[in-house]
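Below is one structure; the comments refer to it alone.
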Amino acid sequence: MTEIFEAIKRSAVKINEAIMYDDTGYSKECNSTGDTQLKLDIKSDIFIENEFKKITSIKEIVSEEKENKTSLHAKGEYLIGYDPLDGSSLLDVDQSVGSIFGIYKHNYSGKNLLASAYVVYGPRVELVIATDKVRMYRLNRKDEFYFYKEIKLNQKGKLNAPGSTQMCWSVHHRKMIDDIFKDGYRLRYSGGMVLDLHHILLKGGGLFSYPGTSDLPKGKLRLVFEVFPFAFIFEKAGGRSIDGKNRILDLTPSHPHDTSPCFFGSNSEIDRVLKTYE
Ligand code: P6P
C-alpha cells in the first residue's frame with residue numbers, strides 16, 4: 001500500500017501547484033451529480049488517475065468526478081474511491097480545499113475499507129494517512145512530505161461544525177446544535193469538509209454534522225469518496241462516526257455515489273447525537 005501513498009504524495013504536489021497558479025474558472029463539463037466542474041476539478045482528477053495507473057496493485061478506481069468506475073489492473077487487489085478536489089467551489093475565495101482517498105478490498109463497503117488519507121491544500125500542504133494509527137505529514141521546501149505527528153482525539157472537544165441548510169434541519173437536530181453551543185462550544189465551519197474535519201482532528205475533538213434534511217433526506221456527502229474515509233480516520237484517532245443511528249463503517253452503499261447523513265466526532269459528542277436521534 002506504500003506505493004499508493006507515494007502516488008498520493010506526487011499528485012498532491014501537482015494539485016497544489018495547479019491551485020496556486022492555474023485557472024480557477026469553470027469548465028463546460030458537469031460531473032455525475034450535475035455540478036458544473038471547475039477546470040481544477042478535472043485537472044486534479046487527471047493527475048491522480050495518471051499516478052494510480054502506474055500501480056499494478058490497484059484493480060479499479062472510482063472518482064467523485066466520474067459516474068463510472070475505471071478498471072486499471074486485472075490482478076490488482078485494491079479498489080480506490082476518491083474525491084480529487086473536495087470543496088473546489090471555495091477556490092474562488094482562496095479557501096483551503098482537499099483531496100480524499102479510501103483504499104478498499106473486494107468492494108466499496110465500509111467494512112472493506114483498509115486505509116484512508118486526505119490532503120489539505122492550505123497555507124501549508126498537509127497529508128493525513130490512517131492505517132493502524134492516524135499520522136500527519138507536512139510538505140517541505142523540497143516537495144517532500146515529512147512526518148509531523150500522530151493525531152489522537154480527546155474524549156470530548158470544544159468545536160462545533162454544523163453543516164447543511166439550517167432552514168431544512170429537523171426540530172430535534174436544531175435543538176441539539178443549539179444546546180451544544182449553549183454548552184460553550186465554538187462555531188468552526190468553512191463549508192469545506194476536509195478543512196472542517198482536519199480542524200476538529202487537530203484541535204482534539206468536537207462535532208461535525210451533515211444530517212439528513214428536508215431538502216436532502218439522505219444528506220449530501222458521499223459515502224465512498226468522503227464519508228467512509230473520514231469515518232475510518234475518526235475511529236482510528238479514538239473518535240466515532242455515525243449516520244445518526246448506525247456506525248458509518250457498517251454501511252454498504254448500493255451505488256458508489258450514494259450519500260448518507262453523517263456525524264464525526266469525539267465519543268462524548270457522538271453519544272449526544274445518538275441520544276438526540278434515538
Ligand atoms: P453546505 C463542499 O461542496 C461539500 O461537498 C463539503 O466539502 C462540505 O462539507 C459541504 O459540501 C458543505 O455543504 O450545504 O454546508 O454548504
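Descriptive notes on the structure:
- Three-way shape call for region 2-150 based on the alpha-carbon gyration tensor, with the a/c threshold at 1.5: oblate
- Here the scattering of region 27-86 is modelled by Debye summation over its C-alpha atoms, one equal scatterer each and no solvent; at q = 0.13 Å⁻¹ the log10 of I(q)/I(0) is -0.33.
- Beta bridge orientation in region 159-277: antiparallel %, DSSP, nearest 5: 60 percent
- Look at the dipole of the chain built from charges on Cβ: of V13, S32, H173, the Cα furthest out on the positive end belongs to H173.
- Values of log10 I(q)/I(0), in the order q = 0.13, 0.23, 0.29 Å⁻¹, for region 207-275 under a Debye, Cα-only, solvent-free model: -0.30, -0.95, -1.37
- Accessible area (Å², 1.4 Å probe, nearest 10) - H172: 80 Å²
- Cα pair count fraction exceeding 26 Å, expressed as % - region 157-278: 9 percent
- When each of K133/K203; K111/K142; K105/K245 is checked by Cα-Cα distance, pairs over 28 Å: K111/K142
- Computed per residue of the chain from DSSP H runs no shorter than four, each worth -39500 (n - 2.57), the mean residue ellipticity at 222 nm is -8500 deg cm²/dmol.
- Crossing angle, helix 267-277 versus the chain [Cα axis fit, 0-90 degrees, rounded to tens]: 70 degrees
- Packing here is the average count of other Cβ atoms within 10 Å per residue, and on that basis the peptides 154-160, 251-257, highest first, run 154-160, 251-257.
- Rolling a 1.4 Å probe across the protein heavy atoms gives the chain an accessible surface of 46 Å² per residue.
- Accessible carbon and sulfur surface of region 159-277 relative to its total accessible area, %, 1.4 Å: 52 percent
- Per atom type, region 1-148 shows carbon and sulfur on 47% of its accessible surface, probed at 1.4 Å.
- Summing Lys and Arg as +1 and Asp and Glu as -1 over all other residues whose Cβ lies under 11 Å from the Cβ of L85 gives a net charge of -4.
- Against the chain, whose longest principal axis comes from its Cα atoms, helix 39-53 is set at around 60 degrees.
- Nearest 10 degrees, 0 to 90: helix 193-202 Cα axis against the chain principal axis: 70 degrees
- From the Kirkwood radius over Cα pairs of the chain, Stokes-Einstein at 25 °C and 0.890 mPa s returns a whole-number translational diffusion coefficient of 131 µm²/s.
- Peptides 174-182, 94-102 ranked from most to least packed, by the mean per-residue count of other Cβ atoms within 10 Å: 94-102, 174-182.
The values are calculated or read from the model by the stated rules, or taken from the named source; none is laboratory data. Worth saying up front: this structure is predicted, and the values here are computed from it rather than measured. Heads up, the Cβs are rebuilt from the backbone with ideal geometry, glycines too, and the neighbour counts pull from every protein chain shown. Just the protein is used for accessible areas: all its heavy atoms, side chains included, with ligands, DNA and RNA removed. Shrake-Rupley method; radii C 1.70, N 1.55, O 1.52, S 1.80 Å.
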